[in-house]
Amino acid sequence: MSDERDLEMLLTSHFPITTINTHEEKRALELMKKVVTRTARTMYTWSVTEGLKAAYGHSADNLRLQDDSEYMAYPTTEPKPMLEQVKKSLENAVVVLLDFHPYLNEPLIIRLLKEIALEYSVKQNTLVLLSHELTIPGELERLTARFSLSLPDASQLEQLIFDEAKVWTLKNQNQSVKADRQAMQMLIRNLQGLTMSDARRLVRNAIYHDGAITEDDLPAVMKAKYELLGQGGVLSFEYETAQFAEVGGFKKLITWINHRKVAFLQDNLQAKDTALDMPKGIMLLGVQGSGKSLAAKAVAGAWEVPLLRMDFGALYNKFFGETEKNIRDSLKAAEVMAPCVLWMDEIEKGIATGAYDSGTSRRVLASLLTWMAENKKPVFIVATANDIESLPPELIRKGRLDEIFFVDLPAQNTRAEIFAIHLAKRGQQPPDFDIQRLAAETDGFSGAEIEQAVVAALYAAHARSTTMTTQHILEEIKSTQPLSVVMAEKISALQRWAEGRTVAAN
Ligand SMILES: Nc1ncnc2c1ncn2[C@@H]1O[C@H](COP(=O)(O)OP(=O)(O)OP(=O)(O)O)[C@@H](O)[C@H]1O
Ligand SMILES: [Mg+2]
């Protein structure tokens, strides 16, 4: 309804050119028709296949375009003669140019469009450019107004699901579609940000194979939605999230995350609890191999939301020179996917402020900080880093992120947990091993090194055709030089820095 009103206002606002940037051509055309019907104007459409046609309007019947002898020789499927014809013979018309974007870099075409636009006060012809992508040349910018179709809201999406369920029922001998309330709510939440026709397609797929809407449909819907956003490269959808049960230690982080689950998903609750601030994000800072990446995945797993990973390498490489646009687009896509976790792994590599920087990473950082300050959508950032030297101070200043967690080398009891996790993961019975002894012998080992000791011991036992015992693992431990020894200075500098500035994750 409000789309109609807005478009009507635009068409009467004396802007000679209007753009509609959308994939939903059919819906946009129907809307145009509705609006033009109420005026005394005639609507024409043009496409490269069909040329110029009267689509609707008061003088549509006596359209004489085709008989105009001067132009007979040139079919109106060619943009140039078509525009010349519009310029010469139309008045009080709305001309919708479908997929005209490829011609918007030809000087002659641009000039013709401009001439038609400049005659607006005399002839009152409005040009509407309707395409999925439009870049308006500078010459036309001031003559152009933009219109965008609104996206469906929750109640429209609910209606859409009912409509699709009805269709399914009709096609399937009147069986009704099974749907549980919770899954419906989550589906509606996940469809927000999509256009009507995309949402319809996903709903249809979800119902199609089993005539039911269940929570099992949601991952596929989220993945399909992510693909529709066409973020290829910069943002990736991580199918594999993790559970905190697979992570040893991180006790304080786990409590912190569990306490904020309700607040993070609060727009999803009936009675919105406005007393709780929406959590914005955290940084996990710590030693290499200490499980930061694993914990980041577990945040998404614990909250049961999609995990999106930002790849800074691709951010800088893809379309050279468009880095800031890339980050803005990615952040926008993350908003559409909300609620979600946006994982920025090894963030220092993306926005390091080294001496050789051309200033691009400064601007990326600025875009990121601005977005963080303004964002109202439930997009939770989990940034990981292991080098403080190159971390820009603005990012870690209080108030930007909710908390900076320091992930230190695991203490003995955590090491025991990590051993148990990785033994169990590889089909071993943890009680068969002297886990306390293993934990005691691995002072200074990271989680990744503990995992490696288990993996290597399994190989060694296999080579000797025996089952693995504590002894095999102890041998691997003895031959390992942990990073904490190799990089002792670096690690103790990190620990000193973290003291007082960060909260322990454990
Ligand atoms: N606390 C832990 N609990 C269980 N497994 C762990 C833990 N820490 C590390 N691991 C194991 O080590 C692997 C590597 O850890 P991860 O990649 O998460 O470390 P990281 O802190 O991100 O390291 P880096 O700084 O090098 O990126 C994990 O996939 C996991 O199997
Ligand atoms: Mg990592």
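The values are calculated or read from the model by the stated rules, or taken from the named source; none is laboratory data. All values reported here derive from a predicted model rather than from experimental measurement. Please note: Cβ atoms are built from the backbone with ideal geometry, for glycine as well, and neighbour counts cover all protein chains shown.
Numerical summary
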quantity	calculated
Lone unmet requirement of (1) under 24 Å from GLU24 (Cβ atoms); (2) buried (at least 18 other Cβ atoms within 10 Å of the Cβ); (3) of a type in the set (Val, Ile, Thr) for VAL177	(1)
Residue match in segment 360-381 (condition: within 16 Å of ligand 2 (Cβ to nearest atom), outside any helix (DSSP H, G or I) and in contact with a strand residue (DSSP E or B) (Cβ under 7 Å, 6 or more places away or on another chain))	yes
Filter result for the condition that a residue is among the aliphatic types (A, V, I, L, M), in contact (Cβ under 8 Å) with a residue 24 or more places away in the chain, surrounded by fewer than 20 Cβ atoms within 10 Å (Cβ to Cβ) and more than 16 Å from ligand 1 (Cβ to nearest atom), over ALA448, ALA440, ALA411	ALA440
Residues (in a loop (DSSP other than H, G, I, E, B) and at pLDDT below 95) located in segment 81-103	LEU90, GLU91, ASN92
Within segment 239-293, considering residues that are at pLDDT 90 or above, of a type in the set (Val, Ile, Thr) and not in a strand (DSSP E or B), the one surrounded by the fewest Cβ atoms within 10 Å (Cβ to Cβ)	THR255
Hits in segment 383-407 - residues which are within 15 Å of ligand 1 (Cβ to nearest atom) and assigned to a loop (DSSP other than H, G, I, E, B)	ASN386, ASP387, ILE388, GLU389, SER390, LEU391
When residues of segment 338-361 are limited to those that are farther than 15 Å from GLY281 by Cβ and modelled with pLDDT of 75 or more, the one surrounded by the fewest Cβ atoms within 10 Å (Cβ to Cβ)	GLY359
Hey, LEU129 surrounded by fewer than 17 Cβ atoms within 10 Å (Cβ to Cβ) and modelled with pLDDT of 95 or more or not	no
Residue count for segment 10-43, restricted to those that are within 19 Å of ARG146 (Cα to Cα), over 31 Å from the mean Cα position of the chain (by Cα) and surrounded by 14 or more Cβ atoms within 10 Å (Cβ to Cβ)	9
All positions within segment 104-118 that are over 26 Å from LYS26 (Cβ atoms) and either part of a helix (DSSP H, G or I) or modelled with pLDDT under 95 (or both)	ASN105, PRO107, LEU108, ILE110, ARG111, LEU112, LYS114, GLU115, ALA117, LEU118
Qualifying positions in segment 393-408 - among the charged types (D, E, K, R) and buried (at least 17 other Cβ atoms within 10 Å of the Cβ)	ARG400, ASP402, GLU403, ASP408
Failed item, numbered, when THR467 is tested on (1) away from ligand 2 (no atom under 16 Å from the Cβ); (2) touching a residue at least 12 places away in the same chain (Cβ under 8 Å)	(2)
Options SER390, SER479: the member that is surrounded by fewer than 17 Cβ atoms within 10 Å (Cβ to Cβ), among the small types (Gly, Ala, Ser) and in the same structural domain as ALA352 (by TED's automatic domain parsing)	SER390
Output for segment 202-246, where each listed residue is of a type in the set (Val, Ile, Thr) and in contact with an Asp or Glu (Cβ under 9 Å, 6 or more places away or on another chain)	VAL203, ILE207, ILE213, THR214, VAL234, THR241
Pairs with Cβ under 8 Å, 6+ apart, first in segment 1-16 and assigned to a helix (DSSP H, G or I), second among the charged types (D, E, K, R)	GLU4/LYS34; GLU8/ARG38
Candidates ALA416, ALA439 - the one that is closer than 20 Å to ILE254 by Cα and not assigned by TED's automatic domain parsing to the domain that holds GLN266	ALA416
Residue within segment 426-433 that is more than 16 Å from ligand 2 (Cβ to nearest atom), in contact with a Ser or Thr (Cβ under 7 Å, 6 or more places away or on another chain) and aromatic (Phe, Trp, Tyr) present	yes
Any hit, segment 369-386, residues being modelled with pLDDT under 80 and basic (Lys, Arg)	no
Identity of the residue in segment 283-341, under 11 Å from VAL234 (Cβ atoms) and polar (S, T, N, Q), that ends up nearest to the chain's Cα centre (by Cα)	SER330
Test: residue in segment 411-420 that is among the hydrophobic types (A, V, I, L, M, F, W, C) and over 20 Å from GLN471 (Cα atoms)	yes
Filtered residues of segment 488-506 (kept if without any contact (Cβ under 8 Å) to a residue 12 or more places away in the chain and over 23 Å from ASN413 (Cα atoms))	GLU489, LYS490, ALA493, GLY500
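Every residue, every condition in (1) over 25 Å from LEU265 (Cα atoms); (2) in contact with a strand residue (DSSP E or B) (Cβ under 6 Å, 6 or more places away or on another chain), yes or no:
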residue	(1), (2)
HIS101	yes, yes
ILE110	yes, no
LEU127	yes, yes
LEU134	yes, yes
THR169	yes, no
ASP180	no, no
